[in-house]
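Chemist: This is the structure I want to talk about, given as structure tokens.
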Number of protein chains: 2
Amino acid sequence: MRIGELAGRADVSTRALRYYEEQGLLESGRTVSGQRVYPESAVDRVRLIQELFTAGLSSRLIVTLLPAIDARRIDPELLQRLVGERAAIEAKLVGLQAAARRLDLLIDLATHPDTTSCPASLEQGAAQPV
Amino acid sequence: MRIGELAGRADVSTRALRYYEEQGLLESGRTVSGQRVYPESAVDRVRLIQELFTAGLSSRLIVTLLPAIDARRIDPELLQRLVGERAAIEAKLVGLQAAARRLDLLIDLATHPDTTSCPASLEQGAAQPV
DNA sequence: CTAAAACTTGACGTTGACGTCAAGGGCAAG
DNA sequence: CTTGCCCTTGACGTCAACGTCAAGTTTTAG
């Protein structure tokens with residue numbers, strides 16, 4: 001298929017697809033006249049890339065990750081990076097979860113009229129709420 | 001305290017603090033000579049702001065949120081936005097966790113020599129791994 | 001054959017949360 | 001007094017993941 005169809009089926013812009021190629025995330029064949037041609041598998045590939053992007057991974061990480069996923073073979077150096085990135089993701093998770101709790105408290109505060117809800121815990125220094 | 005100390009204690013740059021002020025997220029008193037002065041409570045305030053930023057909230061949203069937090073009163077419109085943001089965070093969390101699992105599988109694959117580990121589940125269409 | 005739709009590369013624009021000078025003012029220590 | 005660190009206000013730079021023309025080529029529909 002050509003770039004327009006892939007874009008439609010993977011629900012991204014053609015610009016995004018060219019960007020992915022530029023970053024080494026996505027390959028494409030070419031017709032004689034130079035137009036990009038993709039196999040069916042590209043749809044899932046692009047969806048995978050999107051998934052990793054929305055997870056907040058950088059294209060730099062993804063570009064190292066994809067070959068590892070494909071080859072299922074990881075040299076020690078890459079392993080080091082993966083471990084490092086895993087830690088970074090964990091940190092992000094922790095931060096996001098804290099933020100999520102904070103938002104939940106706010107939402108509670110707003111939905112519950114104003115029952116003597118959660119005493120403090122919206123401001124800082126509330127100690128772990130459970 | 002002055003800006004340098006606040007920056008140190010809240011673990012952000014002085015530039016960030018000035019940016020927060022610019023965005024209306026953080027107030028400061030001034031000495032006669034014009035230097036910013038903050039109360040102790042500013043430390044927690046800045047940490048809260050940071051937390052909301054890591055949650056992916058924009059400064060525009062935060063600037064409307066902070067007074068609501070202070071007043072412990074949130075109008076329905078703001079509530080709607082919060083619920084939306086909460087959902088966005090949840091989606092991000094799910095995405096990040098999926099990415100984390102992928103990384104874990106890769107790391108496993110690399111550390112374990114190559115036991116017939118987890119069959120597929122690295123590529124697409126692996127169905128929920130639990 | 002022709003016009004529209006889809007494609008190409010190239011290059012500049014956007015947004016948010018700051019980083020990073022630049023040029024100067026203020027203040028405790030020696 | 002002057003050295004040195006902290007502070008001030010600009011104002012331009014950055015980075016990522018594209019968006020958005022522009023100008024030209026190719027493919028498709030009629």
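Chemist: Which condition number does B:ALA87 fail, the rest of (1) over 30 Å from A:ARG86 (Cα atoms); (2) more than 16 Å from DNA strand C (Cβ to nearest atom) being met?
Modeler: Tallying (1) over 30 Å from A:ARG86 (Cα atoms); (2) more than 16 Å from DNA strand C (Cβ to nearest atom), B:ALA87 fails exactly one: (1).
Chemist: More than 16 Å from DNA strand D (Cβ to nearest atom), under 21 Å from A:ALA98 (Cα atoms) and open to solvent by 70 Å² or more (accessible area, probe 1.4 Å), is that true of B:ARG9?
Modeler: On the way: more than 16 Å from DNA strand D (Cβ to nearest atom): no; under 21 Å from A:ALA98 (Cα atoms): yes; open to solvent by 70 Å² or more (accessible area, probe 1.4 Å): yes.
Against the criterion (more than 16 Å from DNA strand D (Cβ to nearest atom), under 21 Å from A:ALA98 (Cα atoms) and open to solvent by 70 Å² or more (accessible area, probe 1.4 Å)), B:ARG9 does not qualify.
Chemist: Sticking with this structure for a sec: Which of the residues spanning segment B:6-19 are more than 7 Å from DNA strand C (Cβ to nearest atom) and in contact with a helix residue (DSSP H, G or I) (Cβ under 9 Å, 6 or more places away or on another chain)?
Modeler: Taking segment B:6-19 and keeping what is more than 7 Å from DNA strand C (Cβ to nearest atom), we get B:6-11, B:14, B:17-18.
Result: B:LEU6, B:ALA7, B:ARG9, B:ALA10, B:ASP11, B:THR14, B:LEU17, B:ARG18.
Chemist: Tell me the residue from A:LEU82, A:LEU52, A:LEU78 that is within 30 Å of A:LEU96 (Cβ to Cβ), at pLDDT below 95 and not assigned by TED's automatic domain parsing to the domain that holds A:GLY95, please.
Modeler: Checking each option against the conditions leaves just A:LEU52.
Chemist: So in segment B:44-61, with the set limited to residues that are in a helix (DSSP H, G or I) and of a type in the set (S, T, N, Q), which one is least open to solvent (accessible area, probe 1.4 Å)? I'd like the intermediate steps shown before the answer.
Modeler: If we filter segment B:44-61 for residues that are in a helix (DSSP H, G or I), which is where we start, we get B:44-54, B:59-61.
If we keep only those that are of a type in the set (S, T, N, Q) too, we end up with B:50, B:54, B:59.
Values: B:GLN50: 63, B:THR54: 75, B:SER59: 23 Å².
Restricting to residues being in a helix (DSSP H, G or I) and of a type in the set (S, T, N, Q), the top hit is B:SER59.
Chemist: So in segment B:16-29, with the set limited to residues that are assigned to a loop (DSSP other than H, G, I, E, B) and more than 17 Å from the chain's Cα centre (by Cα), which one is farthest from DNA strand D (Cβ to nearest atom)? Break it down into steps so the answer makes sense when it comes.
Modeler: Initial filter on segment B:16-29 (assigned to a loop (DSSP other than H, G, I, E, B)): B:23-28.
If we keep only those that are more than 17 Å from the chain's Cα centre (by Cα) as well, we get B:24, B:27-28.
Details: B:GLY24: 14, B:GLU27: 12, B:SER28: 7 Å.
The extreme case among them is B:GLY24.
Chemist: Taking the options B:GLY8, B:GLY34, B:GLY4, name whichever one is small (Gly, Ala, Ser) and not in a helix (DSSP H, G or I). Explain how you work it out, then say what you get.
Modeler: Values: B:GLY8 fails: not in a helix (DSSP H, G or I); B:GLY4 fails: not in a helix (DSSP H, G or I).
The unique qualifying residue is B:GLY34.
Chemist: What is the one condition in (1) within 15 Å of DNA strand D (Cβ to nearest atom); (2) open to solvent by 40 Å² or more (accessible area, probe 1.4 Å) that A:VAL83 does not satisfy?
Modeler: Answer for A:VAL83: the failing condition is (1).
Chemist: Among residues belonging to segment B:30-43 that are more than 20 Å from the chain's Cα centre (by Cα) and more than 10 Å from DNA strand D (Cβ to nearest atom), point out the one that is most open to solvent (accessible area, probe 1.4 Å). Before the answer, list the steps.
Modeler: Looking only at segment B:30-43, we keep the residues that are more than 20 Å from the chain's Cα centre (by Cα), and these are B:30-40.
After this cut, where a residue has to be more than 10 Å from DNA strand D (Cβ to nearest atom) as well, the list is B:32, B:39-40.
Details: B:VAL32: 158, B:PRO39: 76, B:GLU40: 115 Å².
Result: B:VAL32.
Chemist: Now, a different point. Return the total of residues in segment A:86-96 being open to solvent by less than 70 Å² (accessible area, probe 1.4 Å) and more than 7 Å from chain B (Cβ to nearest Cβ).
Modeler: 3
Chemist: Counting just the residues of segment A:20-57 that are within 27 Å of B:GLU90 (Cβ to Cβ) and away from every other protein chain (no Cβ under 14 Å), which one comes out nearest to DNA strand C (Cβ to nearest atom)? Break it down stepwise before answering.
Modeler: Applying the first criterion (within 27 Å of B:GLU90 (Cβ to Cβ)) to segment A:20-57 yields A:20, A:25, A:43-57.
With the extra rule that they be away from every other protein chain (no Cβ under 14 Å), the set shrinks to A:20, A:25.
On the way: A:TYR20: 12, A:LEU25: 15 Å.
Restricting to residues being within 27 Å of B:GLU90 (Cβ to Cβ) and away from every other protein chain (no Cβ under 14 Å), the top hit is A:TYR20.
The values are calculated or read from the model by the stated rules, or taken from the named source; none is laboratory data. If you're wondering where the values come from, they're calculated on a predicted model, not measured in any experiment. Note that each Cβ is placed from the backbone with ideal geometry, even for glycine, and that neighbours are counted across all protein chains shown. Just the protein is used for accessible areas: all its heavy atoms, side chains included, with ligands, DNA and RNA removed. Shrake-Rupley method; radii C 1.70, N 1.55, O 1.52, S 1.80 Å.
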